[in-house]
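Down below is the structure, laid out as structure tokens.
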Amino acid sequence: MADRVTVIGWDGSPLTRAATAALSAATLVAGAAHHLELPEVPERAERIRLGSVDLAARRIAGHRGSAVVLADGDPGFFGVVRTLHKPEHGLEVEVVPAVSSVATAFARAGMPWDDAQVVVAQPRTLRRAVNAIRAHHKVAVLTSPGAGPAELALLLEGVHRTFVICEELGTVRERVTVLTSDKTADHTWRDPNVVIVIGGGPETSGNGAWISGRRPAHPEGVRGWALPAGSYGGAGEGGEGESPGLRAAQLARLGPRTGDLVWDIGCGSGALAVEAARFGAAVLAVDSDPDACARTTAAARTFQVGVQVVRGTAPHVLERLPEPDVVRIGGGGVRVVTAVADRRPERIVTHASNRDEAEALGAALLENGYKVECALLQSVELDTAVWAERERSVVFLLSAVRSDLAP
């Protein structure tokens, strides 16, 4: 095992005394090509160009001497320190940090970043990064080859955002460009870069902020979820599919989270769409009724979340929507359920007012490769002044999980 491993962050500024001392004593230095060209790297030291950090860690573990790993920015923030700390490598490291590339990017843009979400975009996580951009007002994206500004912009087709693209921060080739998302895909961008994406609903940070990257603020006095209809701007429940009890069960089975794209088909009052967005998910709310679209837009504004409202009739309108992770179907019958299942979301929830309808919907889901559960939900609202029944609701809840994901 290496006698000593020091991880040095570099942000383009002169190396600190501690970093210089560690480098001068190094017998092995690992880093990107531009790190290994630094004049402080000893000529006698073995050099490893970083590709796979795991492979480099194994080389370092087998080295006898002093090893240094060079990384851009703060190596403890989405950096190499996490990999080097894995138990299988058995490395104990000292870290000499630098200013993170995210902090530098926001400094170049002259913007605060305590209210920003920070995500990493790689080809396999690109969709999730885009969904975070859809859902949140301010997102910093640490990009990678194949998952850069152009790819982010292409997946945001039809969604307007402002991109602040910071290329090769801290180097002589540093460049900061501000473009709208519809213009970003027309350019070729250099790696590495950080992209700050602005838009997607109201800014949620204020003088009372106390936690970084916090969830959007709630209206004064509002706490909890599966709230009654009055919490959404006074909109009516809109029928059996809008009751708080059913909504709570649907949300529990969908499990919306940051990085997901939720389809809410037949959004009605907008209650479920807004609550899914409050969990951090990106939400597309679909309805053919212009009043329902207006109610959903108003509810999203009240709760300060970004919900994209699409007016149209399912299943035809679904053909032009991006791929969903989870879907709530508020109506439309077997045709809509089949069209949604064809897009292969992880989870689908819907409801029926009677057993025949529930059986038809369940059969359609089963035939399309989903494991289906059905529960009969009954709720009775009581008038607590006289403890008498005020309203009764009975509905069949169907929840489906894609068969390859089902336990």
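Any read-out appearing in this document is the output of simple, stated calculations on the displayed coordinates, not a laboratory observation. None of these values were measured; they are calculated from a predicted model. All Cβ positions, glycine included, derive from the backbone under ideal geometry; neighbour counts span all protein chains shown.
Backbone amide hydrogens, once placed in the peptide plane, bring Trp10 within less than 5 Å of Ala71, Asp72, Gly73, excluding anything fewer than 5 places away on its chain. Charges were assigned to the Cβ only: +1 to each Lys and Arg, -1 to each Asp and Glu. The resulting dipole of the chain about its Cα centre is roughly 760 debye.
When the square roots of the Cα gyration tensor eigenvalues are ordered a ≥ b ≥ c, the ratio a/c for segment 73-161 is 1.5 or more and a/b does not exceed b/c, which makes its shape oblate. Once the Cβ-Cβ distance of Ala61 and Arg344 is raised to the sixth power relative to R0 = 41 Å, the FRET efficiency obtained is 0.50. With a ≥ b ≥ c the root eigenvalues of the C-alpha gyration tensor of the chain, is it rounded (a/c under 1.5), prolate (a/b larger than b/c) or oblate? Cα axes put the chain in the prolate bin. Helical content of the chain, expressed as a calculated mean residue ellipticity at 222 nm, amounts to -7500 deg cm²/dmol (DSSP H runs of 4 or more residues, -39,500 (n - 2.57) each, divided by residue number, nearest 500). Between the helical axis of 290-302 and the longest alpha-carbon principal axis of the chain there is an angle of about 50 degrees. With a cut-off of 11 Å on the backbone N, the residues of segment 110-127 near the modelled label site 7 Å out from Val178 along Cα-Cβ are 110-111. In plain terms, the chain is cut at each of the GluC sites (Glu not before Pro) found in a DSSP loop with at most 15 other Cβ atoms within 10 Å, and the longest leftover piece is 221-407. Under the classification rounded if a/c is under 1.5, otherwise prolate if a/b is larger than b/c and oblate if not, where does segment 269-333 fall, given a ≥ b ≥ c as square roots of the Cα gyration tensor eigenvalues? Oblate shape, in that a/c is at least 1.5 and b/c is the bigger or equal ratio.
Between Arg223 and Ala406, the modelled label-to-label distance comes to 4.0 nm, taking each label 7 Å out from Cα in the direction of the beta carbon.
Taking every DSSP beta bridge that has both ends in the chain, the antiparallel portion is near 50%. You can think of it this way: the chain between His34 and Thr171 has 48.4 nm of extra reach, that is 0.36 nm per residue less the Cα-Cα gap. For segment 332-407, the spread of Cα coordinates along the three principal axes comes to 50, 25, 16 Å, biggest extent given first. Stretched out straight at 0.36 nm per residue, the stretch from Arg335 to Gln122 would grow longer than its current Cα-Cα span by 73.1 nm. Structural descriptor for segment 268-407: relative contact order 18 percent, calculated from alpha carbon pairs under 8 angstrom and at least 6 residues apart.
For segment 264-407, the share of DSSP beta bridges that are antiparallel, to the nearest 5, is 60%. Put a dot 7 Å past the Cα of Arg301, heading toward its Cβ, do the same for Glu319, and the two dots end up 3.3 nm apart.
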